[in-house]
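Only one structure is covered here, and it is reproduced in the block below.
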Amino acid sequence: MTTVQVALGARSYDVVIEDGVLGRAGPLLKPLARGRTMAIVTDENLRPHLSTLQRALSAEGVASEAIVLAPGEGSKSWASLEALTDRLIELGIERGDHVIALGGGVTGDLVGFATAILKRGCGFVQVPTTLLAQVDSSVGGKTAINSAAGKNLIGAFHQPALVLIDPTVLDTLPERELRAGYAEVVKYGLIDDPAFFAWCEANAAALLAGDPAAREYAIAHSVAAKARIVAADERETAGVRALLNLGHTFGHALEADTGFSRKLLHGEGVAAGIALAYRFSAAQGIAPSDDAERVSAHLRSVGLPDGLAAAGIGARGARLVEHMLHDKKMDAGTLPFLLARGIGRAYLDRTVDLAAVEAFLDAEAR
Ligand SMILES: NC(=O)c1ccc[n+]([C@@H]2O[C@H](COP(=O)([O-])OP(=O)(O)OC[C@H]3O[C@@H](n4cnc5c(N)ncnc54)[C@H](O)[C@@H]3O)[C@@H](O)[C@H]2O)c1
Ligand SMILES: [Zn+2]
């Protein structure tokens, strides 16, 4: 078992990572239940894991009520938020209660936001079940739903009280989802931890094949990296948390170009975006081109896209730059970019010329 603390003063919490912890969650959750019924929000694909969790709670005498969402990004909507908050009010959820989010980033983001606004804020617990949610979205307190104008535009910072990660639930996760989540793991090595990137190169195959030791190490290491960054810059105002957006500015444009559909999963967009960020950095003379090639080679070796063609994007530079102009990170007319001086040396650059990005993407599209 590994426990990582997210140090945020009065809002600090633990992230517990352990194979099988879902079935042993009763004693960990009982203090948060306060003798009352706990609401568990999940999605249809997680029924078996819901049963495990409910059994673990009832073994400790904790009653629970499940709320089951339709799987998919569509559940991060005003309509689902309304239905969920209505149901939580009906169940009598109080400020001092903790709602459990059992699922991927969709469930976590929706429940996080619902509990941020329900009765002006009640508690919640993250029990993430995708690799992406285990290494990224369940930690750090960003919560949101989508609006017609774009993804994650309506949201709040709201930290969970506890995060329980059971790597064995990944055994039922579709392989494509697992691989996509792995892009966020590699990202931590590329941001500021070249030794971890080297570990990824040596261990990705074992990790993706479900090797328990590799899986737990990768998750714990990723969570520790995220916890450190979030503790340094909880609300992304100090230029530190922004490092987590490595690969996301390019990636977001690719996702926008595919209409945020299942044609390109978020992690796949991030993988292609990371490769593009490194090649752009190399083209600008900022990063050694060997490093850019090493990054691409690793992404290709695990079956992740390493550029426009591999991501199935036929768009030219102008169209992709147009998507970037609608990025919510736009700041007074400039778009901060995550570039890299090499492996493990990402930095925030506010002076990137979008005309240069467009020309670079045109060359990439050829
Ligand atoms: N809050 C943040 O900091 C943050 C960070 C990154 C991403 N996100 C958000 O996360 C969302 C994506 O999350 P995701 O990739 O986890 O997607 P998801 O929640 O849609 O889950 C992916 C699919 O896997 C299924 N699934 C989940 N766990 C499973 C399991 N153990 N076994 C079988 N099937 C399982 C789900 O039902 C779904 O169909 C996006 O909306 C994104 O905006 C948020
Ligand atoms: Zn991401």
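The values are calculated or read from the model by the stated rules, or taken from the named source; none is laboratory data. These numbers were taken from a predicted model, which means no experiment stands behind them. Counting neighbours? That spans all protein chains shown, and the Cβs are built from the backbone with ideal geometry, glycine included. Accessible surface is based on the protein model in full, side chains and every heavy atom, while ligands, DNA and RNA are left aside. Shrake-Rupley method; radii C 1.70, N 1.55, O 1.52, S 1.80 Å.
Quick look at the values:
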| item | result |
| --- | --- |
| Value of D in µm² per second that Stokes-Einstein yields for the stretch 4-45, Kirkwood Rh from Cα pairs, at 4 °C (1.567 mPa s) | 102 |
| Rounded to whole Hz, the Karplus (6.51, -1.76, 1.60) HN-Hα couplings of the stretch 211-217, x for glycine and proline | 4, x, 5, 5, 5, 5, 4 |
| Proximal charge balance of residue 182 [Cβ under 14 Å; K/R count +1, D/E count -1] | -3 |
| Net charge of neighbours whose Cβ lies under 11 Å from the Cβ of residue 168, counting Lys and Arg as +1 and Asp and Glu as -1 | -4 |
| Dimensions (Å) - the stretch 77-193, Cα atoms, principal axes, largest first | 42, 33, 28 |
| The chain: angle of helix 354-365 to the longest principal axis, Cα-based, in degrees nearest 10 | 90 |
| In order through the stretch 78-87: 3J(HN,Hα) via Karplus (6.51 cos²θ - 1.76 cosθ + 1.60), integer Hz, x for Gly, Pro | 4, 4, 5, 4, 5, 4, 5, 5, 4, 5 |
| Dimensions in Å of the stretch 147-274 - Rg and Dmax from alpha carbons | 15.3, 42 |
| Phi to ³J(HN,Hα) by Karplus 6.51 cos²θ - 1.76 cosθ + 1.60 over the stretch 98-104, Hz, x for Gly, Pro | 10, 8, 9, 9, 10, x, x |
| Surface accessible to a 1.4 Å probe, per residue, for the residues of the chain, Å² | 39 |
| Spread of Cα-to-Cα distances over 10 Å intervals beginning at zero, given as percent, for the stretch 237-353 | 15, 48, 34, 4 |
| Amide H contacts of residue 162 (H built 1.01 Å from N, under 5 Å, at least 5 apart or other chain) | 126 |
| Long-range HN-HN contacts of residue 123 with modeled amide H, under 5 Å | 97, 99 |
| Rg/Rh (Cα only; Kirkwood hydrodynamic radius) as it applies to the stretch 302-366 | 0.99 |
| Lys/Arg +1, Asp/Glu -1 at C-beta; the stretch 299-347 dipole; positive extreme among 311, 301, 330 | 301 |
| Neighbourhood charge, 9 Å Cβ-Cβ cut-off, centred on residue 95 and excluding it, Lys, Arg +1 and Asp, Glu -1 | 0 |
| Other-chain or far-sequence residues with amide H under 5 Å of residue 69's (modelled H) | 42, 43, 44 |
| Semi-axis lengths, Å, the chain, gyration tensor of Cα atoms, sqrt of 5 times eigenvalues | 35, 22, 18 |
| Range of Cα positions in the stretch 82-150 per principal axis (Å), largest first | 32, 29, 17 |
| Descending principal axes extents, the stretch 41-137, alpha-carbon based, whole Å | 31, 30, 22 |
| Heavy-atom accessible surface of the chain: percent carbon and sulfur, 1.4 Å | 52 |
| Under 20 Å from residue 187, Cα to Cα: lysines that are on another chain or at least 8 residues apart | 142, 226, 329 |
| Acute angle (nearest 10 degrees) that the helix 289-301 long axis makes with the longest principal axis of the chain, alpha-carbon atoms | 50 |
| About the Cα centre, charge dipole magnitude for the stretch 31-186 (Lys/Arg +1, Asp/Glu -1 at Cβ), debye | 340 |
